[in-house]
Every structure is written in C-alpha cells, then in structure tokens.
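The structure appears right after this line, and notes come after that.
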C-alpha cells in the first residue's frame with residue numbers, strides 16, 4: 001500500500017512542484033514529481049537540446065572532516081580519494097566485504113581535512129549506519145547534513161549560460177567533475193560540474209531555505225514557458241536520460257548482490273591503493289574473471305523491455321533486465337541486463353520475455369548516447 005503524502009519525506013520544493021502541476025509519487029519514501037504537464041518525452045528532449053531542471057534535494061550529504069579523512073574514506077570506498085585535489089569530485093562506491101555495493105556515491109574534496117559524501121536518497125540512512133558501524137580509529141568527525149541542503153541539477157547544452165546569469169563565478173573555468181564555492185542568486189552555494197543525464201550541466205547545493213528562490217530564478221533565467229526554454233523535469237525523465245547515457249542506478253544495475261567488476265565499474269575499483277572493505281574478494285574476482293557481466297541491449301522487434309523481465313539466450317533463461325524503457329532521443333527501445341560472460345559481447349542476439357512474448361534484442365555498446373563535445 002502506498003504511503004499517503006503526509007507520511008512521506010518532502011524536499012523544500014514540494015509546494016513548488018505541486019503548483020507547477022507535478023505528478024507526485026512515492027519514491028523511496030519521498031514525495032517526488034515523476035513528471036510535469038509537458039510530459040516525460042518533452043522533458044527528456046528539452047534536456048538533450050536545451051536545458052532541464054531537476055530537484056535532487058532528496059539526495060543525502062555526509063560531511064567527513066579531520067586530519068585522517070582521506071584514510072577513512074579510502075578504507076570504506078572503492079576509488080582512491082588520495083588522488084583528488086581541492087575542488088574535485090569523484091565517483092565511488094561503498095563496498096561490502098563481498099565486494100558488492102552498499103551504495104554508489106560522489107566524494108567531494110574541499111581540503112585535505114574536509115570532504116562531503118553525496119549518497120542516494122533511498123539509502124541515506126543505511127549508508128549513514130554503515131559508515132558509523134565501520135568507523136575505525138581514524139581521527140575524523142562525521143556529520144549527516146542531508147537536511148541542511150537543497151540540491152538542484154541544471155542539465156543540458158544551455159545550462160552554463162542559464163546559470164551564468166545567476167552567478168559571478170566563471171562557470172566555463174570549472175572542469176567536469178570539479179566544483180567551487182560561490183554564490184547563486186546571492187546565496188552561498190557549492191557549484192559542481194556534475195550530473196546524471198549524459199549532458200553538460202551543473203548541480204547546485206545551497207541552504208534548504210533558499211531552494212524555492214533559486215529554483216524560480218533558474219526557471220526565469222532559462223525562459224521557462226518559451227519553446228526553447230528550460231523545463232522542470234521529473235523522475236521519469238531523469239531515469240530515461242541516465243539510461244540512454246548508460247549510467248547505473250542503485251537498486252537496479254548495482255546493489256548488495258552485484259560486484260563492481262560485474263557492473264563494469266572496475267574503473268572506480270582501485271585495488272593498488274591499499275586495503276579497503278571487499279578488496280580481497282574483488283582482487284580475486286579480477287584475477288579469475290567474472291561469471292556474469294552487465295550489458296546494454298537494443299530491442300530489435302516490436303516491444304518494450306521493462307525492469308525485471310527475463311532475458312533468454314538460445315531459448316534458456318540467462319538473466320534479468322535491470323532497466324528497460326524507450327529512449328526518447330535515440331527513438332529506440334533499450335535496456336541493461338546481466339548475462340553470462342561468454343555471451344556479453346556486441347552483436348550477441350538475445351530475447352526478452354515481454355509479457356509472455358519472446359522479443360528479439362541485440363547486445364550493443366554502452367553508453368547508448370554520448371553527447372558531442
């Protein structure tokens with residue numbers, strides 16, 4: 001039974017979403033807009049061609065401070081935080097002793113003794129409990145500051161110009177996966193050149209109380225309402241955009257049953273940095289090879305693959321669709337799934353059980369969509 005809206009957590013923009021006609025749903029215990037009146041396809045295409053604005057204030061933020069912050073983060077996560085410079089962010093994962101994924105996250109370095117971890121909304125409490133439970137004797141202070149922040153993601157080719165109208169920070173100088181502290185519409189903010197859409201864009205973190213002001217100013221500056229203006233975007237477009245860009249979603253492509261190597265995330269798995277949780281299992285798996293691998297596929301017959309449907313190879317069940325949907329920009333039906341390693345190659349024909357009908361598909365290169373630089 002779905003929780004009633006009053007029982008769900010709300011971002012500081014809940015009223016704004018309702019005023020704009022956002023269709024609200026229960027998303028991991030949060031009352032979030034799945035789409036706005038323009039619809040998912042319009043939101044998706046506007047983000048690819050102009051700009052989309054997303055409320056991601058439900059994401060969690062955890063501060064790690066103290067002289068041994070790097071050692072602490074490196075012991076709990078798979079990537080190497082010692083390689084970061086001030087003002088740089090890194091994609092990483094919290095791993096279990098089995099090499100599987102508690103959560104994927106971003107690690108932000110402000111200084112050698114000041115970091116921020118940005119974690120998924122539905123796993124914030126689990127992550128926080130895990131981090132506290134695995135606290136060692138490093139000299140660090142940990143603080144769950146999720147409620148202090150709003151987070152807005154402005155994505156698409158027009159994002160830089162729109163945001164530049166609200167800040168004196170030279171946005172073009174911020175490299176991809178770097179950030180700076182500045183002001184947006186007169187409010188102190190972290191301005192990060194990151195995103196989850198496959199487009200260029202920015203994620204802005206500011207005090208929760210200023211969320212609606214910044215949201216409205218971004219819409220105004222982005223000429224919301226005009227044919228090529230910014231569109232507010234819901235969870236559905238966020239999902240189709242990240243799927244086209246071949247990005248993993250926690251609870252789908254990665255979870256506590258999938259290892260980083262199976263998920264093609266070996267590039268965030270730095271086995272030579274020293275010990276971290278799950279390292280030995282991952283090192284052994286790298287040496288011996290994985291038995292299954294995450295692949296992307298394109299449906300070649302009429303039908304749409306959906307999450308949870310069976311994948312068949314040569315008539316035998318070989319895996320499950322982790323994410324599947326139409327790709328609005330590519331005008332194809334695409335998806336991702338785990339298949340046995342011997343079949344995880346481009347051109348391999350597979351079938352998807354689409355509501356009882358075996359539908360042809362082919363394994364293809366991921367990402368499905370890559371923006372022109």
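The values are calculated or read from the model by the stated rules, or taken from the named source; none is laboratory data. Worth saying up front: this structure is predicted, and the values here are computed from it rather than measured. Neighbour counts are summed over all protein chains in view; Cβ atoms, including those assigned to glycine, are modelled from backbone coordinates with ideal geometry.
The selection criterion, being surrounded by fewer than 23 Cβ atoms within 10 Å (Cβ to Cβ) and either out of contact with any strand residue (DSSP E or B) (no Cβ under 6 Å at 6 or more places or on another chain) or in the same structural domain as residue 222 (by TED's automatic domain parsing) (or both), holds for residue 148.
Can you confirm whether region 151-160 contains a residue that is touching a residue at least 24 places away in the same chain (Cβ under 8 Å), in a strand (DSSP E or B), within 21 Å of the chain's Cα centre (by Cα) and over 19 Å from residue 60 (Cβ atoms)? Yes, some residue in region 151-160 is touching a residue at least 24 places away in the same chain (Cβ under 8 Å), in a strand (DSSP E or B), within 21 Å of the chain's Cα centre (by Cα) and over 19 Å from residue 60 (Cβ atoms). Per the listing 305, 263, the residue uniquely under 30 Å from residue 327 (Cβ atoms), surrounded by 19 or more Cβ atoms within 10 Å (Cβ to Cβ) and not assigned by TED's automatic domain parsing to the domain that holds residue 369 is 263.
Of all residues in region 104-122, exactly one satisfies the criterion of being part of a loop (DSSP other than H, G, I, E, B) and within 19 Å of the chain's Cα centre (by Cα), namely 120. Considering (1) crowded, with 24+ Cβ neighbours inside 10 Å; (2) more than 19 Å from residue 36 (Cα to Cα); (3) out of contact with any strand residue (DSSP E or B) (no Cβ under 7 Å at 6 or more places or on another chain), the lone condition that residue 205 does not fulfil carries the number (3). Could you check, for region 214-226, whether at least one of its residues is under 17 Å from the mean Cα position of the chain (by Cα) and either crowded, with 17+ Cβ neighbours inside 10 Å or closer than 27 Å to residue 329 by Cβ (or both)? Looking for residues that are under 17 Å from the mean Cα position of the chain (by Cα) and either crowded, with 17+ Cβ neighbours inside 10 Å or closer than 27 Å to residue 329 by Cβ (or both), one finds none in region 214-226, hence no. Is it the case that residue 261 is touching a strand residue (DSSP E or B) at 6+ places or on another chain (Cβ under 9 Å), over 25 Å from residue 49 (Cα atoms) and modelled with pLDDT of 95 or more? Against the criterion (touching a strand residue (DSSP E or B) at 6+ places or on another chain (Cβ under 9 Å), over 25 Å from residue 49 (Cα atoms) and modelled with pLDDT of 95 or more), residue 261 qualifies.
Of everything in region 319-372 that's over 21 Å from the mean Cα position of the chain (by Cα) and exposed (fewer than 13 other Cβ atoms within 10 Å of the Cβ), which residue is nearest to residue 199 (Cα to Cα)? Residue satisfying both the conditions and the ranking: 331. Counting only strands (runs of 3 or more DSSP E) that fall entirely inside region 1-103 and contain at least 2 residues that are buried (at least 20 other Cβ atoms within 10 Å of the Cβ), the qualifying elements are 30-35, 52-55, 60-65, 88-95. Looking at region 216-237, which of its residues are in contact with a strand residue (DSSP E or B) (Cβ under 6 Å, 6 or more places away or on another chain) and part of a helix (DSSP H, G or I)? Once the filter is applied, which keeps residues that are in contact with a strand residue (DSSP E or B) (Cβ under 6 Å, 6 or more places away or on another chain) and part of a helix (DSSP H, G or I), region 216-237 yields 218, 235, 236.
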